[in-house]
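Heads up, the thing below is written out as structure tokens.
The values are calculated or read from the model by the stated rules, or taken from the named source; none is laboratory data. What you see is a predicted model; the values in this text were computed from it and never measured. When we count neighbours, we look across all protein chains shown, and the Cβ atoms used for this are built from the backbone with ideal geometry, even at glycine.
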Amino acid sequence: MRTQADKAARFRELHQRRGAFIIPNPWDAGTARLLAAMGFEALATTSLGLANTLGQSSVSLDAIIENCRAIAAATDLPVNADLENCGADDPKTAAKAIARAAEAGAVGGSIEDSTGDPRQPIYEFQHALERVQAAVEAARALPFPFTLTARAENFLWGRKDLDDTIRRLQAFEAAGADVLYSPGLYDIETIRTVVSSLNKPFNLVMGFADPTLTLEQLSAAGVKRISVGGAMQRHALVAFLRCAHEMKDQGRFSFVRDMAPVKEVREAFAAARSE
């Protein structure tokens, strides 16, 4: 089994090698093991996927950390934690989430400039920067190279101000963030504009981007890391609801013909545990 330091070093290597890599988002230990068995090289948690699993519109930082712990323990892969706004407005309090994620087994994690308040969704620039600075300090205090991702959330909240988004990402980069991230970017030209303005790796989430874009195209545009957020979990919900509707509305069960074979699933779980 890899140590946490080994996982952290491996995660750094993925960001340094040539080309982009995909970091899918499992929402529990089972889906983490399935993805590991398929050969993915790193995993990222999804707070949206967790919220859907719990039947909630949002989740607490405590729940996020425990979900991270379960996923990190499920495989030998590096895990990046979706920490939302780190559970607090105050920079020093928010930064404590970084150590909590590390204690839970993560080797990377994110802090975002979204407040969680739809009435005022984005932190003022200086406040957002101070939060990233505090998170960087917390990450550097850890005994292994924790990969800190700083997120500028403008586009996700309908504030399609590209200049301000780039300004924030550049400030977060200068503050010491290892990876930059701006969810909500859709087209390849906008993605290329943002990436070209930065010197550090950029994470693109495909849950909000043009779904026709490919790994090859995004890599050519300079994207380093590609995640999908809660997209896979939401796709799984479509299948679940289709089954439920067939039973409730038609009294039929034809969906059982498409079940994943139990033997195949168990073999995948076993393969992930034996890595």
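Here is a check on your reading of the model: is A99 surrounded by fewer than 20 Cβ atoms within 10 Å (Cβ to Cβ), in contact with a helix residue (DSSP H, G or I) (Cβ under 8 Å, 6 or more places away or on another chain), without any contact (Cβ under 8 Å) to a residue 40 or more places away in the chain and not in a loop (DSSP other than H, G, I, E, B)?
no
Mind listing just one residue for me: the one in segment 126-146 that is under 14 Å from A174 (Cα atoms) and surrounded by fewer than 24 Cβ atoms within 10 Å (Cβ to Cβ) and, of those, nearest to the chain's Cα centre (by Cα)?
Among them, the one singled out is V136.
Among the residues of segment 104-132, write down those that are in a helix (DSSP H, G or I) and free of Cβ contacts under 8 Å to residues at least 40 places away in the same chain.
Listed by number, the residues that qualify are Q126, H127, E130.
Provide a single number: the residues in segment 1-15 that are surrounded by 19 or more Cβ atoms within 10 Å (Cβ to Cβ) and either assigned to a loop (DSSP other than H, G, I, E, B) or modelled with pLDDT under 95 (or both).
Total satisfying the criteria: 0.
Of the residues in segment 208-230, how many are buried (at least 18 other Cβ atoms within 10 Å of the Cβ) and either over 11 Å from the mean Cα position of the chain (by Cα) or more than 16 Å from I22 (Cβ to Cβ) (or both)?
6
Is it the case, given these coordinates, that N85 is surrounded by 24 or more Cβ atoms within 10 Å (Cβ to Cβ) and farther than 18 Å from G207 by Cα? Break it down stepwise before answering.
Numbers: surrounded by 24 or more Cβ atoms within 10 Å (Cβ to Cβ): no; farther than 18 Å from G207 by Cα: yes.
Taking the combined requirement at face value, the residue does not satisfy it.
Across segment 216-275, what is the total count of residues that are in contact with a Phe, Trp or Tyr (Cβ under 8 Å, 6 or more places away or on another chain) and at pLDDT below 95?
0
Condition check: touching a helix residue (DSSP H, G or I) at 6+ places or on another chain (Cβ under 7 Å), more than 24 Å from A260 (Cβ to Cβ), in a helix (DSSP H, G or I) and at pLDDT 95 or above. Does A63 satisfy that?
So A63 fits the description; yes.
Report, by residue number, each residue of segment 16-47 that is in a helix (DSSP H, G or I), surrounded by 21 or more Cβ atoms within 10 Å (Cβ to Cβ) and touching an Asp or Glu at 6+ places or on another chain (Cβ under 9 Å).
Listed by number, the residues that qualify are A36, S47.
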